1. A:LEU152 - would you say it is away from chain B (no Cβ under 14 Å), assigned to a helix (DSSP H, G or I) and over 13 Å from the mean Cα position of the chain (by Cα)?
2. Go through region A:17-54 and count every residue that is away from every other protein chain (no Cβ under 14 Å) and closer than 20 Å to A:VAL142 by Cα.
3. One residue is enough: does region A:196-219 have a residue meeting the conditions outside any helix (DSSP H, G or I) and closer than 19 Å to A:THR149 by Cβ?
4. For B:PRO168, only one of the following conditions fails: (1) surrounded by fewer than 24 Cβ atoms within 10 Å (Cβ to Cβ); (2) touching a residue at least 24 places away in the same chain (Cβ under 8 Å); (3) not acidic (Asp, Glu). What is its number?
5. How do the pairs read when you match residues in region A:175-188 that are away from chain B (no Cβ under 14 Å) with residues anywhere that are part of a helix (DSSP H, G or I) and charged (D, E, K, R), using Cβ under 8 Å and keeping only pairs 6 or more apart or on different chains?
6. Restricting attention to region A:155-195, report how many residues are within 18 Å of A:VAL25 (Cα to Cα) and part of a helix (DSSP H, G or I).
7. Return the pairs, sorted by first residue and then second, in which the second residue is in a helix (DSSP H, G or I), the first residue lies in region A:228-244 and is free of Cβ contacts under 8 Å to residues at least 40 places away in the same chain, the beta carbons are less than 6 Å apart, and the residues are 6+ apart or on different chains.
Number of protein chains: 2
Amino acid sequence: MSSVSSLPVESLNVSLGERSYPIHVGAGLLTSREHLLPYLAGRQVMIVTNEVIAPHYLHALKETLAGALDAPKEETLTGAELEIREVILPDGEATKTLSSVERIWDALLAAGFNRRCTLIALGGGVIGDMTGYAAASYQRGVAFIQIPTTLLAQVDSSVGGKTGVNHPRGKNMIGAFWQPRAVLVDTDTLTTLPPRELSAGLAEVIKYGLIWDLEFLAWLEANLGALRGIEEGAIRYAIRRSCEIKAEVVAEDETEQGVRALLNLGHTFGHAIEAHQGYGNWLHGEAVSAGMMMAARLSAQRGWLNEADVERVAAILCAADLPVTAPASMQAEDFLSRMRLDKKNVDSRLRLILLETLGRACIRDDTDPEQLERLLTDFPRT
Amino acid sequence: MSSVSSLPVESLNVSLGERSYPIHVGAGLLTSREHLLPYLAGRQVMIVTNEVIAPHYLHALKETLAGALDAPKEETLTGAELEIREVILPDGEATKTLSSVERIWDALLAAGFNRRCTLIALGGGVIGDMTGYAAASYQRGVAFIQIPTTLLAQVDSSVGGKTGVNHPRGKNMIGAFWQPRAVLVDTDTLTTLPPRELSAGLAEVIKYGLIWDLEFLAWLEANLGALRGIEEGAIRYAIRRSCEIKAEVVAEDETEQGVRALLNLGHTFGHAIEAHQGYGNWLHGEAVSAGMMMAARLSAQRGWLNEADVERVAAILCAADLPVTAPASMQAEDFLSRMRLDKKNVDSRLRLILLETLGRACIRDDTDPEQLERLLTDFPRT
């Protein structure tokens, strides 16, 4: 038996009827059979990971799965030998393309895997999004499990079932809503995460405070040092609270007809930055950070935030070592042309997430085009 | 106002909760605004069709949609000008690939279409399957409408939400369950359908009799001449009854966990024939016809059908001008290697649809491998 029961694991649930699933957060989950085996759909398992993550965690995960062979009788899948295969993709947002997903499908078909197979996404948001979409479309939909290894994936992309890939004309344009069977967040994996990516993840954590929970924002301001130092208790709390907020929003609006769009604070601007700069040159969280500053500034122009609020947003983003200015190479029109393609738009109206106050966001489609263009022109660049 | 209200249109419903939708069957539906406009999600419309269908029906459909401009006040979308675009793909099963779907996505993105757009599939099963999958994955899912123009698509592939494309290693391996907003069957479109394709469609019609409704099978035996002559009353009844059976099965089991698999009578053998012969060389309905004969023969070997039953199956397929033998170039192993990849299989057990009696099918995973191999070896070839 593993000794996992003694680990401090916090669990919460994403409530989506028959598509409900748990999120488990704790150190060492990657080696916990009891948190992994119940979510396999059958004995065929395909692990999808990348070249950076594989050397750190692939072996451990395979060992954990293979341990299923001598698992005690009361565990799932006793006696059934697992067929474990793997796909190791290159690292980075630039690989988040349909052709990477085709590599996963080719591997599944080459292995003869059927509808009862399970895909496991071991990696950051790119691996999770691609694996989820591969699962959504393989034989019209098979099971998958998220094991996010970056903070950004742990607090955001692994939860809620948004899967997909980028298209040269826009981010996440091809994809599906497809929920995982479980999300297993092993906080130990953050120890190998580069500081720049930790900061990028904190952008999404800060976002939850800004759009939903002023008290959490204050907690983050007080604990940013502990979070950047990956102190286990602080990190586990920040992840759990972020996932709680996301789960609450997603349960209310799985396919983003309404409130779920609030999670996109800063993302319309951010996606334009990522696309213009070339995917991966700005990390997603960095682009979202600059985008949240733009949304805060626009909210101030509408008269909802005051100057002190905007400075508070800038201060916490700076404290997390995140950008609060836009790329010097981008003109206003570079933003506008890409923002017109945003998935939130209805017919040809631009929809933006703004802040009514710190801790409460709103969806607006009545932004004055001239005001927006002025903001995009005047916003500081570096 | 159009004069469509006077058309004899038969309507039925596919009951899937909030994903429920109507099927309308009648002559002249392609020009009926009142059967088309209520199902548009917004003002952006992308028609997907092929080079064979476009010259016959694309203009009429666009005219019908464009008529929306001067529609009376009580109709949907008054005042809103529609943006109508089109993608015209090559004809045939060989084009049912991911790269064709990418052409649809590219067209949608080039047009700047957003989440409220509507795709219209105007064509046979290949166009419907690809358009449905394109809709399922564009911006994580947009609306689509099926306007099937072949008998096969009208009685089978346009109903039930199975969408997808082929992979070199197997048919329909990549796809999604994604329900249309409506299915509009204009029986007038059958007048331009080549007789060989009409017969291929009759294979699926006969299938419904074999698996579900002995009385319908008897009606088909008596009316096959009228159907092959495309007599409006007979054709409309055959389509409506086929869709009724399919809708009943799909409502019970949308994602093929159980009873829906019965609709695959003959398909496991048939898919192997199509894949081995090269997609499109045998029409889907032709391969299913030969496959249903194989299933009937295997059912007789199990002692469920008698020799007279098997001959009755052969007789109705022959009367519809459909093949009842397998391709001479296929060995038993050619079937077996492809059948092992079938989506119905659980882990590595082969699952087949067989006939307990005429009018009642069953799913079995206990076929004796030697008996199956003997059948595949002895089955007549031409």
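1. No; evaluated as a whole, the condition is false for this residue.
2. 13
3. Within region A:196-219 (the criterion being outside any helix (DSSP H, G or I) and closer than 19 Å to A:THR149 by Cβ), the answer is no, since none of the residues qualifies.
4. (2)
5. A:THR187/A:GLU232; A:THR187/A:ARG236
6. Summing the residues that are within 18 Å of A:VAL25 (Cα to Cα) and part of a helix (DSSP H, G or I) in region A:155-195 gives 9.
7. Between residues of region A:228-244 that are free of Cβ contacts under 8 Å to residues at least 40 places away in the same chain and residues that are in a helix (DSSP H, G or I), the close pairs are A:ALA234/A:ASN223; A:ALA234/A:ALA226; A:ALA234/A:LEU227; A:ARG241/A:PHE216.
Each row is one residue, and each column tells you yes or no for (1) within 14 Å of another protein chain (Cβ to nearest Cβ); (2) without any contact (Cβ under 8 Å) to a residue 60 or more places away in the chain.
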| residue | (1), (2) |
| --- | --- |
| A:LYS96 | no, no |
| A:ILE104 | yes, yes |
| A:PHE113 | yes, no |
| A:ILE127 | no, no |
| A:GLY132 | yes, yes |
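We did not get these values from a lab; they are worked out from the coordinates using the rules stated. Computed from a predicted model, the values in this text were never measured in an experiment. No Cβ is skipped: glycine too gets one built from the backbone with ideal geometry, and neighbour counts run over all protein chains shown.
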